[in-house]
Amino acid sequence: MSLILVGVDGSPESTNAVRWAAAAAAAEDADLKIVAAYSSTTSDYAPGLVIPQDVIDAIRSEATGFVQSAAEVAREEAPGLTLSGSIVEGDAARVLLELGENAEITVLGTRGLSSVKGLFLGSVSTSVAAHSKGRVVIVPGGALGGDGPVVVGVDDSKVSDPAVAEAFRQADLRKKKLVAVHTWTPLDADALHGFGLDAKEIDEMSQQAVEAVAERMAGYSEDYPDVQVERVVVPEEPAKAILEASGDSASMIVMGSRGRGGFTGLLLGSRSQKVLHHARVPVMIARR
């Protein structure tokens with residue numbers, strides 16, 4: 001039986017993630033594991049401070065309460081779901097990354113884009129999305145996704161293949177249309193006109209991009225013949241185009257972990273980071 005892992009911390013955002021994870025586990029016929037991590041270590045400012053045992057017990061008890069409350073939410077969302085829970089001492093990101101090695105999907109909530117410039121995803125969500133070896137879903141606060149299509153970012157290389165394959169699977173599983181977004185330049189049409197390109201030349205380049213993307217996706221369409229595919233091929237900044245295609249009505253967005261120029265150390269490309277930071281629907285980072 002496959003497993004979906006969800007991290008909780010008692011926040012409304014993590015409760016929202018539990019709802020999404022429970023619905024996904026029911027759809028995938030998977031078990032759901034709810035995990036809360038806690039720490040009994042002191043900060044670097046007081047390395048010699050010994051925390052009393054009753055305080056550690058209280059911290060652990062609080063984490064236990066988070067898991068129990070989350071289990072109630074999951075049962076309400078998907079009655080009959082096979083549930084398990086864990087309370088683990090340690091850094092939350094490390095705990096989720098280690099446990100996530102045995103999970104099909106790791107799910108986390110986030111507050112999304114903060115009103116304070118520069119405060120985007122939480123550090124745990126960022127670390128897990130960047131370093132997990134499997135699929136990770138980040139669920140924005142208050143957003144479980146709409147009833148619209150599955151949206152996927154596509155380029156004309158093998159880099160996007162894991163995301164495309166997973167997007168087709170998700171669209172088939174959810175009986176949704178698949179919107180494949182490809183941008184062949186980061187410039188919009190007005191900017192291209194400014195470089196001396198006329199409408200005919202732009203149309204020709206767009207058509208070439210359409211053909212490249214269609215060829216890239218042909219095999220997946222054969223594997224999932226029931227999935228209706230809409231291709232959006234535009235001159236535009238990639239993340240902006242994907243976010244515009246998804247809005248707040250898409251079921252989910254599926255992204256690859258890195259772009260063409262990725263290299264060791266840059267585990268989450270700039271395009272995926274931008275989408276994660278600003279999406280109003282759940283975003284899946286697909287690696288396998």
Helices (runs of 4 or more DSSP H) fully within the stretch 164-265 counting 1 or more residues that are among the hydrophobic types (A, V, I, L, M, F, W, C), under 30 Å from residue 25 (Cβ atoms) and at pLDDT 75 or above: 199-223, 238-246
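So, in the stretch 63-114, how many residues would count as being part of a strand (DSSP E or B) and of a type in the set (A, V, I, L, M)?
Matching residues across the stretch 63-114 total 6.
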Looking only at residues in the stretch 16-41 that are open to solvent by 40 Å² or more (accessible area, probe 1.4 Å) and not acidic (Asp, Glu), which one is farthest from residue 172 (Cα to Cα)? 41
Only one of these conditions is not met by residue 51: (1) of a type in the set (A, V, I, L, M); (2) at pLDDT 90 or above; (3) over 19 Å from residue 126 (Cβ atoms). Which number is it? (2)
Matching residues in the stretch 199-218 (farther than 15 Å from residue 155 by Cα and open to solvent by 30 Å² or more (accessible area, probe 1.4 Å)) number 5
Criterion violated by residue 131 - all others in (1) at pLDDT below 80; (2) open to solvent by 60 Å² or more (accessible area, probe 1.4 Å); (3) within 13 Å of the chain's Cα centre (by Cα) satisfied: (1)
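The values are calculated or read from the model by the stated rules, or taken from the named source; none is laboratory data. Because the structure is a prediction, the values reported are computed rather than measured. Here Cβ is always computed from backbone atoms with ideal geometry, including for glycine, and neighbour counts include all displayed protein chains. Please note that ligands, DNA and RNA were not included when accessible areas were found on the heavy atoms of the full protein model with its side chains. Shrake-Rupley method; radii C 1.70, N 1.55, O 1.52, S 1.80 Å.
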